[in-house]
Amino acid sequence: MERGHGAAQEAAVICYHAPMQIWDRSAHAWALGGAAVLALFGAAFLASPEPWPAILLFVAAALWYAAHMRRSFRRRRLAREPFPAEWRAVLEANVGWYRRLDPDRRAAFERDVLFFVRENRFVGVEGVEVTDELKVLAAASAVMLLFGRTDREYPRVSEILFYPRAFSDEFRTEGAGRDIAGMLHPYGAVVLSIPELRRSFAGESDGYHVGLHEFAHALDLSSQQCDGFPLGIDPRLVRPWSERLREEMERASRGRGALRPYAGTNIAETFAVAVETFFERPEALKKANPELHALLEEYFGRR
Ligand SMILES: [Zn+2]
């Protein structure tokens, strides 16, 4: 969830990055292994008088392979699709982080944005028309968090919902209590208020970014809850990660430290706000808590 907004100015750093992988080698190993086992069973039935068991097992082997490799084949096709000029204009006009990439990495980032847009479902709530601008801004938020690691994907993002304005705990956009700018539903829906998403990109150095915040939760979502330990964290980082986050949670709850006070809500919010701060005010975070900055740098692949 994302509430509140602080303000400060600082330039973000330029970092090294790696794009999302097209051909998933581990999925390919599973696909080949499972298909081979099914095909071997099928071959064992070839000598039997009844052909159907062998045929069914060969078909199952083919389906197993196709199911595991569907994303890799789709990405091979998408990688040949030109990046729309209108989408590039959205990135250039709104995403300072993209503008600071060198041309090769810009191209890789564009490709990842294309993958994300084509692979996910975007839904407008209360009559909102889902435009290319909204899709690209949401995708840019998501891809920024993945861009350091080729092997990382969001485990459970099911769809992205756009609300016309901030909403309440009951998802109401009228009446009292409408102070929620974004939310991650436990089943993987990322909910974003459109004005807050646009404001997040407009104020790129203020440590507030609802897109980064909610997709940080999406990396952290396991077993229908967020605990501040995101997907793929190195086991040797877990202890210092926990200690540094708790340190900042405590500071934030007293209105101190590098993170917005909202980071003091709980450990999952501390992580999400730390991600916003890491991307938007890295030098401030490095100064206030160099160990936490180094841990986030290692996790996100920045150098
Ligand atoms: Zn949150």
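Observations, loosely collected:
Residue by residue, here is whether (1) outside the structural domain of R281 (by TED's automatic domain parsing); (2) surrounded by fewer than 24 Cβ atoms within 10 Å (Cβ to Cβ); (3) within 16 Å of the ligand (Cβ to nearest atom); (4) modelled with pLDDT of 90 or more holds:
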position	(1), (2), (3), (4)
R165	no, yes, no, yes
S168	no, yes, yes, no
G177	no, yes, no, no
G182	no, no, yes, yes
V190	no, no, yes, yes
V210	no, no, yes, yes
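- Boolean, G228 is within 14 Å of the ligand (Cβ to nearest atom), at positive phi and either at pLDDT 95 or above or in the same structural domain as E153 (by TED's automatic domain parsing) (or both): yes
- Subset of segment 221-243 (residues that are acidic (D, E) and in contact (Cβ under 8 Å) with a residue 40 or more places away in the chain): D227, D234
- Residue match in segment 130-144 (condition: surrounded by fewer than 21 Cβ atoms within 10 Å (Cβ to Cβ), modelled with pLDDT under 95, assigned by TED's automatic domain parsing to the domain that holds A258 and of a type outside the set (S, T, Y)): no
- Near pairs, Cβ below 9 angstrom, 6+ apart or cross-chain, from segment 263-277 (within 21 Å of S205 (Cβ to Cβ) and not assigned by TED's automatic domain parsing to the domain that holds Q225) to any residue that is of a type in the set (D, E, K, R) and within 9 Å of the ligand (Cβ to nearest atom): none
- Residue in segment 93-108 that is out of contact with any strand residue (DSSP E or B) (no Cβ under 8 Å at 6 or more places or on another chain), closer than 15 Å to R198 by Cα and of a type in the set (G, A, S) present: yes
- Hits in segment 232-263 - residues which are within 16 Å of the ligand (Cβ to nearest atom), hydrophobic (A, V, I, L, M, F, W, C) and under 23 Å from the mean Cα position of the chain (by Cα): L245, M249, L259, A263
- Among the residues of segment 47-62, those identified as in contact (Cβ under 8 Å) with a residue 12 or more places away in the chain and among the small types (G, A, S) are A54, A60, A61, A62.
- Single condition E280 does not satisfy, out of (1) within 16 Å of the ligand (Cβ to nearest atom); (2) over 26 Å from Y98 (Cα atoms): (2)
- Total residues in segment 65-110, condition part of a loop (DSSP other than H, G, I, E, B) and hydrophobic (A, V, I, L, M, F, W, C): 4
The values are calculated or read from the model by the stated rules, or taken from the named source; none is laboratory data. Keep in mind that what you see is a predicted model, and the values were worked out from it rather than measured. Heads up, the Cβs are rebuilt from the backbone with ideal geometry, glycines too, and the neighbour counts pull from every protein chain shown.
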